[in-house]
Amino acid sequence: MDEMKKIILDYVIEEYVEDEDEEVGIDTPLISGGIVDSFSMVSLKRFLENKYNISIPDDKATPEAFDTVNSICDLVNEYIK
């Protein structure tokens with residue numbers, strides 16, 4: 001697993017996973033699986049923008065783009081210079 005995936009996965013687990021026995025990986029559905037809700041998605045977007053010094057347009061911050069760690073990494077990589 002690359003560094004970005006590990007950082008994002010660790011953040012998601014620390015901030016949003018309430019059941020410590022729940023298995024969460026890079027392909028686990030976060031939005032559709034109920035781990036991340038719309039309010040949490042906003043804070044996750046802010047974390048990504050601050051961590052990677054990027055700006056993600058609101059129209060790109062969709063539930064589909066934020067549904068897995070893999071899809072989040074794809075989104076972030078679009079905006080890293």
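The values are calculated or read from the model by the stated rules, or taken from the named source; none is laboratory data. Just so it is clear, the structure is predicted and the values come from calculations on it, not from any experiment. All Cβ positions, glycine included, derive from the backbone under ideal geometry; neighbour counts span all protein chains shown.
A few comments on the model shown:
- Number of the exception - Glu20 against (1) over 19 Å from Met1 (Cα atoms); (2) modelled with pLDDT of 95 or more: (2)
- Helices (runs of 4 or more DSSP H) lying entirely in the chain (those with 2 or more residues that are surrounded by 13 or more Cβ atoms within 10 Å (Cβ to Cβ) and touching a residue at least 60 places away in the same chain (Cβ under 8 Å)): 3-16, 69-79
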